[in-house]
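Let me begin by presenting the structure, written as structure tokens, before commenting on it.
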Amino acid sequence: MQENTGPSIIRLYGDQILKETCKEVGINENINEILTYMITSLYYYKGVGLAANQIGHNKRIIVIDHKWIETKKKYKHLNIFINPEIIDESIEDEVMQESCLSIPNIDGIVYRPVNITVKYYDIHFKEKIKEFTGMESRIIQHEIDHLNGVLFTDRLSKEQKNNILPLLNRLKKERQL
Ligand code: CO
């Protein structure tokens, strides 16, 4: 993977593309350029996960590296998911604080299943079925939500949502200027 492409601009709350359902990637479609932008942007903006529509591509691709901030090792735990689909999830939920590169300076407590089983294509378009737990599971769920036009703020309690509404409205207004 080359890193000679600069980071892309992150699409922010209020941008229409974040509300869209992303399109499936065709088998052996050339997504090298999008992937390079995604990976460069993931590390540049110090994220742990990024969905393609967050940098303006309506494609079902997510990139995740849940460990690099802690270990300071980029790429080692980088995981690429093409057309990811959650095919099973635990009944057990857990709460975690989430934030999002597309919604700066806002976080919230979100309930999600602890474990998930994901079917996806890897970078070589090989089909994989794998179970994830903990932080990884959490990030994958957050990113797959993006591919379906869903943001973590859509999953907050009414009370939390009310609290951050003024901030969200301000972000939205800034987008329309
Ligand atoms: Co996000």
Has the range 74-90 got any residue that is basic (Lys, Arg) and either within 13 Å of the ligand (Cβ to nearest atom) or over 20 Å from residue 147 (Cα atoms) (or both)?
yes
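Assess whether residue 173 counts as being more than 16 Å from the ligand (Cβ to nearest atom), charged (D, E, K, R) and within 27 Å of residue 40 (Cβ to Cβ).
no
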Can you list residue pairs whose Cβ atoms sit under 6 Å apart, with the first residue in the range 99-126 being away from the ligand (no atom under 16 Å from the Cβ) and the second being of a type outside the set (Ser, Thr, Tyr) and not in a strand (DSSP E or B)? Count only pairs 6 or more apart in sequence or on different chains.
114/92; 125/27; 125/28
For the structure I just gave you, tell me whether residue 41 is farther than 13 Å from residue 82 by Cα, of a type in the set (Gly, Ala, Ser) and modelled with pLDDT under 95.
no
Filter result for residue 93 (free of Cβ contacts under 8 Å to residues at least 40 places away in the same chain, within 13 Å of the ligand (Cβ to nearest atom) and farther than 20 Å from residue 42 by Cα):
no
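Can you tell me which residues in the range 154-177 are touching a residue at least 60 places away in the same chain (Cβ under 8 Å) and crowded, with 16+ Cβ neighbours inside 10 Å? I'd like the intermediate steps shown before the answer.
First pass over the range 154-177, keeping only residues touching a residue at least 60 places away in the same chain (Cβ under 8 Å): 167-168, 171-176.
Correct list: 168, 171.
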Among the residues of the range 119-145, what is the count of those that are more than 22 Å from residue 107 (Cβ to Cβ) and assigned to a loop (DSSP other than H, G, I, E, B)?
5
So residue 62, is it in contact with a Lys or Arg (Cβ under 9 Å, 6 or more places away or on another chain), within 16 Å of the ligand (Cβ to nearest atom) and on the phi < 0 side of the Ramachandran plot
no
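So, in the range 146-177, how many residues would count as being over 27 Å from residue 23 (Cα atoms) and part of a helix (DSSP H, G or I)? Write out each step before concluding.
First, the residues of the range 146-177 that are over 27 Å from residue 23 (Cα atoms): 157-167, 169-170, 173-174, 177.
Filter again for part of a helix (DSSP H, G or I), leaving 158-167, 169-170, 173-174.
Result for the range 146-177: 14.
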Across (1) free of Cβ contacts under 8 Å to residues at least 12 places away in the same chain; (2) in contact with a Leu (Cβ under 9 Å, 6 or more places away or on another chain), residue 21 clears everything bar (1)
Across the range 127-150, what is the number of residues that are surrounded by fewer than 20 Cβ atoms within 10 Å (Cβ to Cβ), within 15 Å of the ligand (Cβ to nearest atom) and among the hydrophobic types (A, V, I, L, M, F, W, C)?
2
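The values are calculated or read from the model by the stated rules, or taken from the named source; none is laboratory data. This one's a predicted model, so the numbers in the text were calculated from it and none came from an experiment. Glycine gets a Cβ as well: all are built from the backbone with ideal geometry, and neighbour counts include every protein chain shown.
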